[in-house]
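The structure under discussion appears below in the form of structure tokens.
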């Protein structure tokens with residue numbers, strides 16, 4: 001009995017710690033995870049610097065260190081996007097700290113998106129958003145975020161994107177996300193439903209999340225060949241696939257969740273699935289006009 005009580009107390013403490021406003025997210029180079037160069041803030045307009053700090057204070061009202069970290073990263077992002085037409089931001093699945101080099105299937109989709117936009121005359125920047133950090137608190141905070149039980153992370157990202165739109169008014173922002181990361185992107189779209197230059201491509205959202213939809217969101221729960229067991233909650237198929245894997249047999253339909261749990265159909269890439277090619281290309285043609 002004492003062990004159950006201790007376990008319950010530990011769970012409450014961990015949840016309480018993670019429920020607090022988490023560590024600020026970080027923008028990184030999408031393909032290698034490198035931090036953005038900070039440069040000198042004094043080189044940027046004073047109005048931009050002041051707004052970055054005010055936005056950071058609004059996100060983290062009682063923590064000066066978090067405010068300064070966030071404001072610094074916001075200014076580095078602004079600097080990175082000064083000559084950009086379309087900002088493609090990747091939200092990974094899993095626990096939110098992976099880059100595109102760890103998401104090879106989704107990397108092929110991002111590569112195809114970038115290639116098409118560049119061929120249409122757009123200046124494109126692709127970054128990834130690290131929304132959690134390795135550790136117990138990071139794990140728990142991301143479980144709460146993926147379950148849509150905490151709004152702190154999407155609220156911070158929405159504030160960051162609104163800051164960019166205020167100071168780079170012609171910038172178009174395309175959120176791209178996979179698996180658990182779709183919850184983050186979709187909640188941002190829910191928070192900023194009226195922004196006409198904010199778009200979202202979402203692949204394999206979890207079955208428990210009710211996706212918010214509008215004309216600027218493409219949400220895919222199938223790769224066109226196999227319904228996504230993770231998106232539809234087909235756990236019998238997922239359990240069967242995992243049992244097969246234990247005996248060295250591969251499932252006919254690839255896919256995984258959190259790097260190791262087999263989920264048939266939870267597999268999205270550009271080369272193997274014509275439906276993805278057609279759906280994404282149509283979405284880009286509809287919303288991103290050639291810049292020539």
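The values are calculated or read from the model by the stated rules, or taken from the named source; none is laboratory data. Note that the structure is a prediction, hence the values are computed from the model and not measured. Cβ atoms come from the backbone with ideal geometry, glycine included; neighbour counts cover every protein chain shown.
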Checklist entry - Looking at 79, 123, 131, which one is within 27 Å of residue 44 (Cβ to Cβ), assigned by TED's automatic domain parsing to the domain that holds residue 155 and modelled with pLDDT under 95? => result 131
Item to check | Test: residue 141 is buried (at least 17 other Cβ atoms within 10 Å of the Cβ), in the same structural domain as residue 116 (by TED's automatic domain parsing) and either at pLDDT 95 or above or not in a helix (DSSP H, G or I) (or both) | outcome: no
Checklist outcome for this item: Counting only residues that are modelled with pLDDT under 95, more than 19 Å from residue 95 (Cβ to Cβ) and touching a helix residue (DSSP H, G or I) at 6+ places or on another chain (Cβ under 8 Å), the range 198-210 contains a total of 0
Next on the checklist: For the range 18-59, give me the residue count where each residue is surrounded by 14 or more Cβ atoms within 10 Å (Cβ to Cβ) and on the phi > 0 side of the Ramachandran plot.
Outcome noted: 1
Checklist outcome for this item: Checked the range 163-197 for anything surrounded by 24 or more Cβ atoms within 10 Å (Cβ to Cβ), in contact with a helix residue (DSSP H, G or I) (Cβ under 7 Å, 6 or more places away or on another chain) and in a strand (DSSP E or B); matches are 175, 176, 177, 178
Checklist entry - Regarding residue 160, is this residue surrounded by 18 or more Cβ atoms within 10 Å (Cβ to Cβ), under 24 Å from residue 82 (Cβ atoms), at pLDDT 90 or above and over 11 Å from the mean Cα position of the chain (by Cα)? => result yes
Next on the checklist: Going by what's in this entry, would residue 71 be described as more than 15 Å from the chain's Cα centre (by Cα), modelled with pLDDT of 95 or more and crowded, with 22+ Cβ neighbours inside 10 Å?
Outcome noted: yes
Item to check | Which numbered condition residue 128 fails, given (1) buried (at least 20 other Cβ atoms within 10 Å of the Cβ); (2) touching a helix residue (DSSP H, G or I) at 6+ places or on another chain (Cβ under 6 Å); (3) closer than 22 Å to residue 173 by Cα | outcome: (2)
Checklist outcome for this item: residue 94 vs (1) crowded, with 17+ Cβ neighbours inside 10 Å; (2) assigned to a helix (DSSP H, G or I); (3) at pLDDT below 95: all pass except (2)
Next on the checklist: Tell me whether the range 63-86 contains one or more residues that are part of a loop (DSSP other than H, G, I, E, B), touching a helix residue (DSSP H, G or I) at 6+ places or on another chain (Cβ under 6 Å) and in contact (Cβ under 8 Å) with a residue 12 or more places away in the chain.
Outcome noted: no
Next on the checklist: Regarding the range 97-114, can at least one residue be identified that is assigned to a loop (DSSP other than H, G, I, E, B), touching a residue at least 24 places away in the same chain (Cβ under 8 Å), over 16 Å from the mean Cα position of the chain (by Cα) and surrounded by 16 or more Cβ atoms within 10 Å (Cβ to Cβ)?
Outcome noted: no
